[in-house]
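Report on one structure; see the data block that follows.
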2 protein chains.
Amino acid sequence: MEILNAARNEFSGKGYDASSLRAIARLDEVDPEIVHHYFDGKAALFAEAMSIPVNPLFLIDAVLAGPRERVGERLAATFFDIWDSAQGRERLVALIRSAVSHEDAARMLREFLAREVFGKVALSMEVPQPHLRAGMAASQMIGLAMMRYVIGFEPVVQASAEEIVALVAPTLQRYLADDLVGDLTVG
Amino acid sequence: MEILNAARNEFSGKGYDASSLRAIARLDEVDPEIVHHYFDGKAALFAEAMSIPVNPLFLIDAVLAGPRERVGERLAATFFDIWDSAQGRERLVALIRSAVSHEDAARMLREFLAREVFGKVALSMEVPQPHLRAGMAASQMIGLAMMRYVIGFEPVVQASAEEIVALVAPTLQRYLADDLVGDLTVG
């Protein structure tokens, strides 16, 4: 069995969190050291197996490199750089389609988003309720992906990436890095 | 042909904008007056035909009734009232699944959202770029629907509707009613 197939089987069978490089190596009957040699950890192997066009570690590094008060802007800009490319767009749409129709795919996606992407950014901000914040930021980005690439809502399709980034940056900034206490004391 | 079937055929064939009560009546071989008698306009017939559990006119009335500075909160609260009910949730998930897999359904949904739901709220705020604002607000709500009901991202699933409303209200408020000029002058 080829390693990427083994990885896909492991991730879709057990979800992202419960999968391990060791188990994937065993499925492919190779030495775990070899898997480690070719893939820079579980996140990178997942990205490769799922045809996600970027190593999540680089993505998170790009988002976290820079002043805290612009983390929302960097997050949005990094995503749209990838998504607006022909390859990125196609893979994103495929990922959403499969998460919407298969529970296995939904589980992999939510665990991956929570653990490696939005969760990592939210945790590094050292704010209360990082997981809920990660979910709110992810909801805004997935909703934009739906409107721009899947449902095709005209004004969102025709806006430039720069316009969308400018509109969404304060939203992500608030979810990920700002004080939410005032908002959370609801009547 | 029964009137709701006729409506579904018309809407999925022509999209929401190009469909008319007159043409639907003709498909069903009934007098348009009769269709008008039973359905309070195109939006109401669409909602009925698509099993949307609420008349969009009532929804918009509820959102617009009250102070402008809390329109985001009322919009979020109105949606989660519907979506968190068992019937609302089931129909919402069906609507998203079908929009993600069929272009006809995607077109109906985007035209309906633009014309009757988010578009109406944004237009009534008398702000610049109402259509792009409607798209941004819709993206946030669709993304939350994805995370809470389709993908099942735990922290967003487990939060109460009140918590989610409090978190998302300032986002919707900004998209729909606030000054965006500062945000739109990007470097």
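Listed by first and then second residue, the pairs linking a residue in the stretch B:1-30 that is of a type in the set (S, T, Y) to a residue that is open to solvent by 20 Å² or more (accessible area, probe 1.4 Å), with Cβ atoms under 6 Å apart and 6 or more places separating them unless they lie on different chains, are B:S12/B:D104; B:Y16/B:E111.
Selection of the stretch B:103-129 for residues being free of Cβ contacts under 8 Å to residues at least 12 places away in the same chain, surrounded by fewer than 20 Cβ atoms within 10 Å (Cβ to Cβ) and within 12 Å of another protein chain (Cβ to nearest Cβ) yields B:E103, B:A106. Considering only the stretch B:27-36, state which residues are open to solvent by 50 Å² or more (accessible area, probe 1.4 Å) and under 26 Å from B:G88 (Cα atoms). If the condition is that a residue be open to solvent by 50 Å² or more (accessible area, probe 1.4 Å) and under 26 Å from B:G88 (Cα atoms), then B:H36 is the only one that fits.
Among the numbered conditions (1) free of Cβ contacts under 8 Å to residues at least 60 places away in the same chain; (2) surrounded by 14 or more Cβ atoms within 10 Å (Cβ to Cβ); (3) not aliphatic (A, V, I, L, M), the only one that A:P67 does not meet is (2). Within the stretch A:139-151, residues that are of a type in the set (D, E, K, R) have Cβ atoms under 9 Å from residues that are in a helix (DSSP H, G or I) and open to solvent by less than 10 Å² (accessible area, probe 1.4 Å) in these pairs: A:R148/A:F80; A:R148/A:V156; A:R148/A:I164; A:R148/B:G135; A:R148/B:S139, counting only partners at least 6 apart in sequence or on another chain. Pairs meeting the criteria (first residue in the stretch A:72-84 and closer than 14 Å to A:S139 by Cα, second residue open to solvent by 30 Å² or more (accessible area, probe 1.4 Å), beta carbons under 7 Å, at least 6 apart or on different chains) are A:G72/A:P170. Say we look at the stretch A:155-168 and pick out the residues that are free of Cβ contacts under 8 Å to residues at least 12 places away in the same chain and more than 7 Å from every other protein chain (Cβ to nearest Cβ); which of these is most open to solvent (accessible area, probe 1.4 Å)? Among those residues, the one meeting the criterion is A:Q158. For the stretch B:77-116, filtered to residues that are in contact with a Lys or Arg (Cβ under 9 Å, 6 or more places away or on another chain) and among the acidic types (D, E), the residue that is farthest from B:E48 (Cα to Cα) is B:D84.
Any residue at all in the stretch B:111-128 that is over 23 Å from A:M146 (Cα atoms) and under 15 Å from the mean Cα position of the chain (by Cα)? Among the residues of the stretch B:111-128, not one is over 23 Å from A:M146 (Cα atoms) and under 15 Å from the mean Cα position of the chain (by Cα), which makes the answer no.
May I ask you to verify whether A:G152 is small (G, A, S), under 30 Å from B:R107 (Cβ atoms), under 17 Å from the mean Cα position of the chain (by Cα) and within 7 Å of chain B (Cβ to nearest Cβ)? Taking the combined requirement at face value, the residue does not satisfy it. The set of residues in the stretch B:130-141 that are within 9 Å of chain A (Cβ to nearest Cβ) and either open to solvent by less than 20 Å² (accessible area, probe 1.4 Å) or modelled with pLDDT under 95 (or both) comprises B:L132, B:R133, B:A134, B:G135, B:M136, B:A138, B:S139, B:Q140, B:M141. Check whether at least one residue in the stretch B:72-82 is at pLDDT 90 or above and surrounded by fewer than 18 Cβ atoms within 10 Å (Cβ to Cβ), and report yes or no. Yes, the stretch B:72-82 contains a residue that is at pLDDT 90 or above and surrounded by fewer than 18 Cβ atoms within 10 Å (Cβ to Cβ). If you check B:G13 against the conditions, is it closer than 19 Å to B:K120 by Cα and surrounded by fewer than 20 Cβ atoms within 10 Å (Cβ to Cβ)? Answer is no for this residue.
The values are calculated or read from the model by the stated rules, or taken from the named source; none is laboratory data. The structure presented is a predicted model; accordingly, all values stated were derived computationally and were not measured. Backbone-built Cβ (ideal geometry, glycine too); neighbour counts: all protein chains shown. Protein only, heavy atoms only, side chains kept; ligands, DNA and RNA dropped before computing areas. Shrake-Rupley method; radii C 1.70, N 1.55, O 1.52, S 1.80 Å.
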